[in-house]
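See structure below.
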Amino acid sequence: MSPKRSALTLALLLTATLAACGKSAAPTGTAATGELLVKIGSVAPLTGPQAHLGKDNENGARLAIEDANAKSISIAGQKVHFELVSEDDQADPKTATIVAQKLMDDKVNGVIGHLNSGTSIPASRIYHDLGIPQISPSATAIAYTAQNFNTAFRVMANDGQQGKALGDFAASNLSAKKIAVIDDRTAYGQGLADEFIKAAKAGGATIVAQEYTSDKAVDFTAVLTSIKGKQPDLVFFGGMDPQGVPLVKQLKALGLNAKFMMGDGGFTPKLIELAGAAAEGVYASLPGVPLAQAPAGKDFTQRYEARFKQPIQQYAPYCYDAVNVMIAAMQRADSADPAKYLPELAKTNHDGVTAKIAFDAKGDLTGGAVTLYQVQQGKWQPVLTMGGAAK
């Protein structure tokens, strides 16, 4: 073969290879057992300050995968083996896009995640561009589904629903007239704080201070000292528990006599464990009815604790539901090909652990309930459920 023809042949082979690499993920592979291999991605922060939450997410997804494999599910006449492909996005938006692309390279059939709104939003474009369904178990920012990506769904109430419940509860149930608001400037923290403010003002409260921090901060003395002079009845923080812990401890240390409230980012056993006595009386919310009151909640809790030897931190039940919703859509479509089961995913009507799950046109959970909790004698106790019912 002449050098010229060799070069042409090599160029054509290279072009074909690159074209193949650029295609969307192949829908299925073959497991070592000869079964149909279906990969489901799971993304959450598995290292860093939010690792306890991320591992909880992974555990919830893993339990659902194990349950599905135990059922010997068949798709298109072939027995399926489901595999969880877990990635760590470190709660960082840039890292989130890197691991999202890695999952695409790994040819996953769908994605459960991400945990944070700030990571779910940038990653969602990558999944959308390749037609890969994404169900977030915990991203509550309105902006996530406002992009109108037909691949993006979530299985818990959004910040419009949760922020309104928090603001209404603060103004009406707690009779807070003067409120100070702090948020961590993440997509989640800022979005939740904005919705809280709207609802609290509508309920007759006045926002006497609005301060900002970051999701890496640990010293809030200056912010709280400034707020203390405004004499608020209540301090609301839009952020996660790694910042909520030092914030409430420093609030108490400064003698700031105000109630303290967070959204679902603060509703964790870890906040009580690390904040100690300072956590007593703190309020937080979590979309859905209390797990103990849900028909399948007690069974899920017992099985989770038996399998992983630790209590549920926060979002594990939502991850469990998200995986089951995705697998059920594959079964209805009789295909794990994302293009074929995506339409079925949009038509979901699923009795989950956390809720009766159905999606609106944007991919949001319809009729989502929100429960307000308070730390009483070292435990989160439900105070009031607002909005839709779980079943």
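Suppose the filter is open to solvent by 10 Å² or more (accessible area, probe 1.4 Å) and farther than 21 Å from K249 by Cα; does V208 pass it? Don't jump to the end; show me each part of the working.
Working: open to solvent by 10 Å² or more (accessible area, probe 1.4 Å): yes; farther than 21 Å from K249 by Cα: yes.
Considered against the rule, which asks whether it is open to solvent by 10 Å² or more (accessible area, probe 1.4 Å) and farther than 21 Å from K249 by Cα, V208 comes out as yes.
Just checking, which of T206, T213, T221 is within 22 Å of T140 (Cα to Cα) and not assigned by TED's automatic domain parsing to the domain that holds D56? Don't jump to the end; show me each part of the working.
Working: T206 fails: within 22 Å of T140 (Cα to Cα); T221 fails: within 22 Å of T140 (Cα to Cα).
Testing whether each residue is within 22 Å of T140 (Cα to Cα) and not assigned by TED's automatic domain parsing to the domain that holds D56 leaves just T213.
Quick check on this structure: which one of I197, I227, I182 is over 30 Å from P317 (Cβ atoms) and surrounded by 17 or more Cβ atoms within 10 Å (Cβ to Cβ)?
On the way: I197 fails: over 30 Å from P317 (Cβ atoms); I182 fails: over 30 Å from P317 (Cβ atoms).
Checking each option against the conditions leaves just I227.
Looking across the stretch 292-323 at every residue that is surrounded by fewer than 21 Cβ atoms within 10 Å (Cβ to Cβ) and under 19 Å from the mean Cα position of the chain (by Cα), the one that is nearest to K347 (Cα to Cα) is identified as G297. Could you say whether any residue in the stretch 229-238 is in a helix (DSSP H, G or I) and within 22 Å of S285 (Cβ to Cβ)? No, because not a single residue in the stretch 229-238 is in a helix (DSSP H, G or I) and within 22 Å of S285 (Cβ to Cβ).
If you go through the stretch 40-75 and pick out every residue that is more than 19 Å from A96 (Cα to Cα), of a type in the set (D, E, K, R) and either touching a Pro at 6+ places or on another chain (Cβ under 6 Å) or buried (at least 24 other Cβ atoms within 10 Å of the Cβ) (or both), you end up with 0.
Among residues of the stretch 182-197 that are more than 19 Å from P232 (Cα to Cα), those with a Cβ under 7 angstrom from a residue that is in a strand (DSSP E or B) and open to solvent by less than 10 Å² (accessible area, probe 1.4 Å), sequence gap 6+ or separate chain, pair up as D184/G238; G189/D183; G189/G238; Q190/D183; Q190/G238; L192/G238. The set of residues in the stretch 288-304 being without any contact (Cβ under 8 Å) to a residue 60 or more places away in the chain and outside any helix (DSSP H, G or I) consists of A296 alone. Within the bounds of the stretch 321-333, is there any residue that is in contact with a helix residue (DSSP H, G or I) (Cβ under 6 Å, 6 or more places away or on another chain) and modelled with pLDDT under 95? No - not one qualifying residue is present in the stretch 321-333. Residues in the stretch 352-391 that are without any contact (Cβ under 8 Å) to a residue 24 or more places away in the chain and open to solvent by 40 Å² or more (accessible area, probe 1.4 Å): D360, A361, T366, G367, Q381.
The values are calculated or read from the model by the stated rules, or taken from the named source; none is laboratory data. Since we're looking at a predicted model, the values are computed, not measured. All Cβ positions, even for glycine, are placed from backbone atoms using ideal geometry, and neighbour counts span all protein chains on display. When the accessible area is computed, the model is the full protein with side chains, heavy atoms only, and any ligands, DNA or RNA have been set aside. Shrake-Rupley method; radii C 1.70, N 1.55, O 1.52, S 1.80 Å.
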